Amino acid sequence: MRLLGRGGAALADKVGWPKIVDRGRAALRDLPARTVLAGFSLGTGVADALLPERPDTAGLLLLAGAPITVARIRPGLRAQLHVADPDPEFVPAAAVERWTDGMESAGAIFEVYRYPAVSHLWMDEDLPDHDPLAAELVWDRCAEFLRFS
């Protein structure tokens, strides 16, 4: 699996945020209302942006990124956040804390998983930062989350 990596922000600047969100919207167009929204790194913001348009979303699965807004979270929404610990450049601890506080305030059902001593996209086996043990753990946790979504 090849994830976007560190060039994601540069690509987003080139393509433009509205176009990126529109592409996500188009990808979801024919999927069931109870689809789980998932995002990697910059893609966590796309999932966050599309959540209000999909009120029946079955869950929110965020990897290597924490959306800034949580005002769109409905009570009872199931969610998981998986982040490197620490990841100050891409996912500062304060962002995780804001997300956690917002999820609690909204009444969401969520888990935060921190993976110590890994890099931002430790899940990508094509990158030198790949951590096979941590990657296996995140995929197992995601599979378990999806089984109940």
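The values are calculated or read from the model by the stated rules, or taken from the named source; none is laboratory data. Since this is a predicted model, take the numbers as computed values, not measurements. Cβ: placed from backbone, ideal geometry, glycine included. Neighbour counts: every protein chain shown.
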task: Give the residues of region 42-68 that are touching a residue at least 24 places away in the same chain (Cβ under 8 Å) and over 27 Å from Ala135 (Cβ atoms), sorted by residue number.
output: Glu53, Arg54
task: Mind listing whichever residues of region 103-117 are under 18 Å from Gly43 (Cβ atoms) and more than 14 Å from the chain's Cα centre (by Cα)?
output: Tyr115
field: Subset of region 109-137 [aliphatic (A, V, I, L, M) and surrounded by 20 or more Cβ atoms within 10 Å (Cβ to Cβ)]
entry: Val118, Leu121, Met123
query: If we keep just the residues of region 44-69 that are surrounded by fewer than 22 Cβ atoms within 10 Å (Cβ to Cβ) and β-branched (Val, Ile, Thr), which is nearest to Leu137 (Cα to Cα)?
result: Ile68
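Quick one: which of Thr69, Thr57, Thr100 is under 25 Å from Arg25 (Cα atoms), modelled with pLDDT of 90 or more and among the β-branched types (Val, Ile, Thr)?
Working: Thr69 fails: modelled with pLDDT of 90 or more; Thr100 fails: under 25 Å from Arg25 (Cα atoms).
Residue meeting the stated conditions: Thr57.
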statement: Out of (1) modelled with pLDDT under 95; (2) on the phi < 0 side of the Ramachandran plot; (3) of a type in the set (Ser, Thr, Tyr), the one Ser41 does not meet is (2)
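Residues that are among the hydrophobic types (A, V, I, L, M, F, W, C) and either part of a loop (DSSP other than H, G, I, E, B) or in contact with a helix residue (DSSP H, G or I) (Cβ under 7 Å, 6 or more places away or on another chain) (or both): does region 127-141 have at least one?
Yes, the conditions are met somewhere in region 127-141.
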task: Name every residue in region 107-126 that is in a loop (DSSP other than H, G, I, E, B) and acidic (Asp, Glu), in order of residue number.
output: Asp124, Glu125, Asp126
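Residues are listed down the side, and each one gets a yes or a no for (1) among the β-branched types (Val, Ile, Thr); (2) under 12 Å from the mean Cα position of the chain (by Cα):
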{"residue": "Thr44", "(1), (2)": "yes, yes"}
{"residue": "Ala49", "(1), (2)": "no, yes"}
{"residue": "Leu77", "(1), (2)": "no, no"}
{"residue": "Met123", "(1), (2)": "no, no"}
{"residue": "Glu144", "(1), (2)": "no, no"}
- request: Go through Ala94, Ala27, Ala33, Ala12 for me and flag whichever is surrounded by fewer than 14 Cβ atoms within 10 Å (Cβ to Cβ), out of contact with any strand residue (DSSP E or B) (no Cβ under 6 Å at 6 or more places or on another chain) and closer than 23 Å to Ser119 by Cβ.
  value: Ala94
